[in-house]
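Visitor: Have a look at the structure that comes next, please.
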Amino acid sequence: MSELSATATFVLLAVTAAFAAFAAYWYLRFERVLPLERQLRRLGEKAEGLRRFSIRKSREAKTLVDVAATVTHDRQTQSALGAVVAIIARYLEADMVAFLLADEATGELVVQPGAYGLASEELLYRVPLTDEASSSVRVFKNGESFLAGDAQNDPGTIARYARLWKIHSLMTVPIATESRTLGVLRVGSFKRDFFKKEHLDLLSVIAGETAVIVETAVLNRKLSRTAEQLGALNRMKDDFVSLVSHEFKTPLTTIMGFITVMLDGDTGELTDQQRKFLNVTKTAVKRLEYLVTELLDLSKLEAGAHMELRPLNLADLLRASVERQRGGAEIAGKTIICELPEAVPWAMGDERWLTLVVDNLLSNAVKFTRPGGRVNASLADKGDFVMVCVADDGLGIPAEDREHIFEKFYRARNAAQGGAGTGLGLAIARDIVLKHGGKIWFESETGKGTKFCFVVSTSRQREAVL
Ligand SMILES: Nc1ncnc2c1ncn2[C@@H]1O[C@H](COP(=O)(O)OP(=O)(O)O)[C@@H](O)[C@H]1O
Ligand SMILES: [Mg+2]
């Protein structure tokens with residue numbers, strides 16, 4: 001019996017132990033291990049999510065850095081837009097990317113060159129800003145981004161265009177600076193529901209970064225349009241000036257001819273009064289002739305007159321100019337001194353045009369000195385250049401006028417003291433010297449005098465001048 005009861009006790013104990021072990025296992029398995037496993041799985045998923053998130057973020061960051069670098073470094077705005085389009089297409093795996101900018105002149109949104117995924121004829125795509133059925137127009141007007149999972153069946157888009165471009169997913173974001181909206185950025189995909197909110201957010205950031213270059217592009221376009229219009233106006237003005245000057249030249253020559261004949265007494269005796277009047281007329285006609293000649297010279301230069309560069313003896317040219325002016329200067333009580341060194345190399349220059357430069361510098365010096373004044377013309381060898389200077393001890397150029405003195409029609413405020421003039425001579429002189437690859441400049445002190453100098457290249461033959 002005791003044996004039996006001992007066995008029963010043992011069995012009972014064993015069963016109890018087994019049950020306890022099972023209960024413990026059960027407890028550990030379902031109450032401890034499984035939740036831990038579940039937690040672990042969740043953590044793993046979270047980690048995977050985080051990993052994907054960080055990859056996406058770093059790709060986003062890289063995209064933004066690429067965009068920023070393009071925007072900052074590419075100075076050609078049009079090609080910068082093209083580069084940004086390529087970056088967006090790559091990152092978003094898009095099938096169509098286009099900038100549509102507002103054209104104020106026509107009141108339309110216009111696809112910009114460099115768009116991605118559009119055939120060349122579709123690049124001409126324009127949509128009137130009045131067409132509210134277009135999502136682009138609405139985004140442009142209300143400044144809110146637009147996202148469609150299937151643009152071909154979305155009441156918010158013009159399905160015709162979506163079908164034309166085979167686009168299903170579509171994102172459109174505004175491009176705006178602080179003060180105004182410039183256009184929109186459209187990105188499409190052939191796949192349905194391809195873009196998510198995060199893509200739209202990134203696109204908005206990119207659109208914000210590119211606003212600056214887009215604005216530059218718009219301004220550049222406006223500027224070049226204005227420049228074209230100004231160019232056309234300028235050409236009209238040049239043509240007009242040149243036509244009028246030509247039409248003046250012949251009658252002026254005729255008038256001058258007859259005045260000279262009459263003053264010579266060839267048409268009979270003249271009374272003193274007639275002679276006086278004729279002389280006054282002759283002076284006026286001379287001034288007109290001078291003006292017409294200067295206007296014609298300027299219009300020829302501005303039309304691109306070509307310099308015929310040949311070895312040129314500048315000493316001879318300077319001497320001849322001095323001799324032409326000496327008579328007039330002496331009558332006005334002024335002296336011209338011409339200082340030429342023993343030997344100066346020849347220059348490379350166009351004789352006719354450089355004569356105009358030297359004549360004008362000398363006539364200015366004589367004109368703007370007081371009676372009794374002195375003008376000094378000189379020539380110097382400067383190695384690769386030959387330098388001509390004309391100095392005077394006259395009125396000087398007031399400081400306020402100096403920076404404008406080479407501009408067309410500009411005369412200093414004290415110019416009237418020297419007599420009449422057009423203010424064209426120095427503009428012509430500068431143009432000629434620059435066309436020679438040379439340089440012209442001056443030094444001046446009000447009330448003390450002025451010195452104008454210019455240099456042109458030395459002739460390679462370096463022929464000595466005696
Ligand atoms: N040697 C000079 N001394 C003082 N002023 C000068 C001298 N040369 C030029 N200028 C100033 O520069 C202006 C422009 O010269 P220029 O173009 O030759 O015109 P213009 O001789 O028809 O007046 C002159 O009107 C004058 O005010
Ligand atoms: Mg002059």
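Visitor: From the residues in segment 373-427 that are of a type in the set (Val, Ile, Thr) and surrounded by fewer than 21 Cβ atoms within 10 Å (Cβ to Cβ), which one is nearest to residue 443 (Cα to Cα)?
Guide: 405
Visitor: Are there any strands (runs of 3 or more DSSP E) wholly within segment 126-189 with 2 or more residues that are without any contact (Cβ under 8 Å) to a residue 40 or more places away in the chain and touching a helix residue (DSSP H, G or I) at 6+ places or on another chain (Cβ under 6 Å), and if so which?
Guide: 169-176
Visitor: Still on this structure, I have one more. Answer yes or no as to whether residue 402 is among the basic types (Lys, Arg) and within 8 Å of ligand 1 (Cβ to nearest atom).
Guide: Taking the combined requirement at face value, the residue does not satisfy it.
Visitor: Sort through 79, 54, 58 and tell me the only one that's modelled with pLDDT under 85, among the polar types (S, T, N, Q) and assigned by TED's automatic domain parsing to the domain that holds residue 206.
Guide: From the options 79, 54, 58, the qualifying one is 79.
Visitor: Taking segment 314-369 as the search range and keeping residues that are of a type in the set (Phe, Trp, Tyr) and more than 20 Å from residue 296 (Cβ to Cβ), which one is farthest from ligand 2 (Cβ to nearest atom)? Steps first, answer last, please.
Guide: Initial filter on segment 314-369 (of a type in the set (Phe, Trp, Tyr)): 346, 353, 368.
Still in the running and more than 20 Å from residue 296 (Cβ to Cβ): 346, 368.
Working: 346: 27, 368: 9 Å.
Among residues in segment 314-369 that are of a type in the set (Phe, Trp, Tyr) and more than 20 Å from residue 296 (Cβ to Cβ), the one farthest from ligand 2 (Cβ to nearest atom) is 346.
Visitor: Suppose we filter 412, 377, 420 for residues that are under 25 Å from residue 286 (Cβ atoms), out of contact with any Phe, Trp or Tyr (no Cβ under 8 Å at 6 or more places or on another chain), of a type outside the set (Phe, Trp, Tyr) and free of Cβ contacts under 8 Å to residues at least 40 places away in the same chain; which single one remains?
Guide: 412
Visitor: Please specify each residue of segment 413-442 satisfying the condition of being within 11 Å of ligand 2 (Cβ to nearest atom) and under 19 Å from residue 453 (Cβ atoms).
Guide: Passing the criteria: 425, 426, 427, 428, 429.
Visitor: Going by what's in this entry, would residue 358 be described as more than 10 Å from ligand 1 (Cβ to nearest atom), hydrophobic (A, V, I, L, M, F, W, C), touching a Pro at 6+ places or on another chain (Cβ under 9 Å) and in the same structural domain as residue 322 (by TED's automatic domain parsing)?
Guide: On the way: more than 10 Å from ligand 1 (Cβ to nearest atom): yes; hydrophobic (A, V, I, L, M, F, W, C): yes; touching a Pro at 6+ places or on another chain (Cβ under 9 Å): no; in the same structural domain as residue 322 (by TED's automatic domain parsing): yes.
Against the criterion (more than 10 Å from ligand 1 (Cβ to nearest atom), hydrophobic (A, V, I, L, M, F, W, C), touching a Pro at 6+ places or on another chain (Cβ under 9 Å) and in the same structural domain as residue 322 (by TED's automatic domain parsing)), residue 358 does not qualify.
Visitor: Let me ask something else. Quick one: which helices (runs of 4 or more DSSP H) sit completely within segment 1-109 and have at least 3 residues that are in contact (Cβ under 8 Å) with a residue 12 or more places away in the chain, surrounded by 11 or more Cβ atoms within 10 Å (Cβ to Cβ) and of a type in the set (A, V, I, L, M)?
Guide: Counting at least 3 such residues, we get 34-73, 77-92.
Visitor: Give just the number: which of (1) outside any helix (DSSP H, G or I); (2) modelled with pLDDT of 95 or more does residue 273 not satisfy?
Guide: The number of the failed condition is (1).
Visitor: Of the residues 176, 162, which is more than 21 Å from residue 84 (Cα to Cα), surrounded by 13 or more Cβ atoms within 10 Å (Cβ to Cβ), in the same structural domain as residue 111 (by TED's automatic domain parsing) and not aromatic (Phe, Trp, Tyr)? Full working, then the answer.
Guide: Numbers: 176 fails: more than 21 Å from residue 84 (Cα to Cα).
Answer to the selection: 162.
Visitor: Sort through 384, 392, 431 and tell me the only one that's touching a helix residue (DSSP H, G or I) at 6+ places or on another chain (Cβ under 6 Å), among the charged types (D, E, K, R), away from ligand 1 (no atom under 11 Å from the Cβ) and closer than 25 Å to residue 312 by Cβ.
Guide: Going through 384, 392, 431 in turn, the sole match is 431.
The values are calculated or read from the model by the stated rules, or taken from the named source; none is laboratory data. Not measured: the values here are computed from a predicted model. Positions of Cβ are generated from backbone atoms using ideal geometry, with glycine treated the same way; all protein chains shown enter the neighbour counts.
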